[in-house]
Amino acid sequence: MPAAGLVMALASAFTYGIYLVANEKGSANELPIEVKLFYVSLPATAVFSVLAPVTGTLQAPSGGAASWLMVIGGSGLFTVCGYFLMMYGVGKLGASTAAFVSMLEPVISVVFGTIWFKDPVTIGIVAGGGLVLMSILLITIDGARKAKQAER
């Protein structure tokens, strides 16, 4: 694995963790989800509306209306829904629990990729998915135990 990719993945995890905790504990928690979605999207829109033309990577989909539908309807809608549901989950579960539950993303991606795109499933992928599911199970059991103790 190239070092730059590893550094970027770790930076992504770090910034995403800060984002989740700030969403729960920071003043942003007081805002309605729709307003938070707007403010999350605004900087990205500003940066990429400048970055894409400058780097020459701004392109329109080349497959007609169906391609536009996939880009806007598929990617855009799923991204907005993902952020909305994560913010909602953070509000209901807390940042750490929501982050652990969101670890299902790779498992769901593998299932989707296997069904839709016929991606191969290796023993490493199965083992990794099993470890993710086991960690979520252990966190859930621990959370239930703590909730039961708090009731007493």
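Conditions tested, residue by residue: (1) within 26 Å of G82 (Cα to Cα); (2) assigned to a helix (DSSP H, G or I); (3) modelled with pLDDT under 85; (4) touching a His at 6+ places or on another chain (Cβ under 9 Å).
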residue: S109; (1), (2), (3), (4): yes, yes, no, no
residue: F112; (1), (2), (3), (4): yes, yes, no, no
residue: I115; (1), (2), (3), (4): yes, yes, no, no
residue: P120; (1), (2), (3), (4): yes, no, no, no
residue: G124; (1), (2), (3), (4): no, yes, no, no
residue: L133; (1), (2), (3), (4): yes, yes, no, no
residue: I136; (1), (2), (3), (4): yes, yes, yes, no
residue: T140; (1), (2), (3), (4): yes, yes, yes, no
residue: R145; (1), (2), (3), (4): no, yes, no, no
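Condition first: under 24 Å from F100 (Cβ atoms), over 18 Å from the mean Cα position of the chain (by Cα) and not in a helix (DSSP H, G or I). Can you find one or more residues in region 13-26 that meet it?
Narrowing region 13-26 to residues under 24 Å from F100 (Cβ atoms): 13-26.
Imposing the further condition that a residue be over 18 Å from the mean Cα position of the chain (by Cα) reduces the set to 25-26.
Pick out the ones that are also not in a helix (DSSP H, G or I) and you get 26.
Yes, some residue in region 13-26 is under 24 Å from F100 (Cβ atoms), over 18 Å from the mean Cα position of the chain (by Cα) and not in a helix (DSSP H, G or I).
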- [ ] Return yes when A99 is farther than 25 Å from K146 by Cβ and either in a helix (DSSP H, G or I) or without any contact (Cβ under 8 Å) to a residue 24 or more places away in the chain (or both) and no when it is not.
- [x] no
- [ ] Please give the number of the condition G76 fails out of (1) assigned to a helix (DSSP H, G or I); (2) at pLDDT 85 or above.
- [x] (2)
Task: Contacts under 7 angstrom Cβ, first residue in region 124-152 being more than 13 Å from M103 (Cα to Cα), partner surrounded by 10 or more Cβ atoms within 10 Å (Cβ to Cβ), 6 or more apart - done: I125/V110; G143/T97
- [ ] Out of V107, V80, report the one residue that is assigned by TED's automatic domain parsing to the domain that holds L131 and not small (G, A, S).
- [x] V107
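The values are calculated or read from the model by the stated rules, or taken from the named source; none is laboratory data. Just so you know, these numbers come straight off a predicted model, no measurement behind them. Glycine also receives a Cβ, built like all others from the backbone with ideal geometry; neighbour counts cover every protein chain displayed.
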